[in-house]
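The values are calculated or read from the model by the stated rules, or taken from the named source; none is laboratory data. Remember, it's a predicted structure, so these values are computed and weren't measured experimentally. We work out accessible area using only protein heavy atoms, side chains counted, and drop any ligands, DNA or RNA first. Shrake-Rupley method; radii C 1.70, N 1.55, O 1.52, S 1.80 Å.
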Amino acid sequence: LVPLVGVPGCIEVCLPPEEGASLSGARPGLLAGISYQVSLAIQRIASSKAQRESAEVATLLLNFGRTLETAEGMETVQERIVETVGQFLAAEVVVLWAQDTDASSVRALSAWRREQDLLEQLESFELADKEGLRYIALQRPLVIEDESESAPLRAPLELALDDSICIAPLELGSGRRGFVAVGHVGPEGRDHCKSRMALLAGMVDQAKLAIK
């Protein structure tokens, strides 16, 4: 086994017994050189991928900002937030929740579901004060890992036990607070949401400016 340089992993070299005995000569230096070149190639690929992902996020955020700028009226802004977040994150469902004016409960302001109108179903649904405020109090977007913490959202979002939910807190102006809930179908959605967390955070930041 020859460890890589600066990246996790190693190169496994299998040789016949008679060849393995000669490794005390020039062969170890050759393998070290190969390991170094492979390591550099992996680092270049990772750097190139990171640059492409950063450029993609920047382009999507620019498009998201333009989408919100052309919206007329707060209701349209809210509709575009959930629709565009859903499309950009390839989500199954997105709901914008907010405190009532008296801050006693949390209700859905706008909702988007792939191939289905969801908001009408949520108009009569409210999260209990304890449950809603727990999500609102978050400081940054995150994926809910604990099934008990995501349980209050599974019913209104119509998500199964193995589906994934991401939460992003959102300031709505005038001291009113809320959050965006993003649902992905299947356990693989958790990894996908984690990989798009920077995009979700940027979209929420832009949404704050549009709402204010």
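From the Cα gyration tensor of segment 138-207, with a ≥ b ≥ c the square roots of its eigenvalues, which class applies: rounded if a/c is under 1.5, or else prolate if a/b is larger than b/c, or else oblate? Show your work: numbers first, answer last.
Working: a/c = 2.38, a/b = 1.46, b/c = 1.63.
It is oblate, given that a/c is not under 1.5 and a/b is not larger than b/c.
Using a ≥ b ≥ c from the Cα gyration tensor of segment 63-212 (square roots of the eigenvalues), is it rounded, prolate or oblate, where a/c under 1.5 gives rounded and otherwise the larger of a/b and b/c decides, a/b for prolate? Could you put the intermediate results ahead of the total?
Numbers: a/c = 1.40, a/b = 1.12, b/c = 1.25.
The shape class here is rounded.
Rounded, prolate or oblate: which fits segment 123-163, taking a ≥ b ≥ c as square roots of the Cα gyration tensor eigenvalues, rounded meaning a/c under 1.5, else prolate when a/b beats b/c? Intermediate values should be presented prior to the final figure.
Numbers: a/c = 1.92, a/b = 1.04, b/c = 1.84.
Judged from the Cα gyration tensor, segment 123-163 comes out oblate (a/c at least 1.5, b/c at or above a/b).
Probe of 1.4 angstrom, ligands and nucleic acids ignored: what's the accessible area per residue over segment 116-212, in square angstrom? Show your work: numbers first, answer last.
Values: 4810 Å² over 97 residues.
On a per-residue basis, 50 Å².
Once you keep just the Cα pairs under 8 angstrom separated by 6 or more residues, what percentage relative contact order results for segment 69-212? Numbers along the way, then the final one.
On the way: 250 pairs, mean separation 36.2, N = 144.
The value is 25 percent.
List, in order, the whole-Hz ³J(HN,Hα) value for each residue of segment 85-92 obtained from phi through the Karplus relation with A = 6.51, B = -1.76, C = 1.60 and θ = phi - 60°; use x for Gly and Pro.
With the stated coefficients, segment 85-92 comes to 4, x, 6, 5, 9, 6, 8, 8 Hz.
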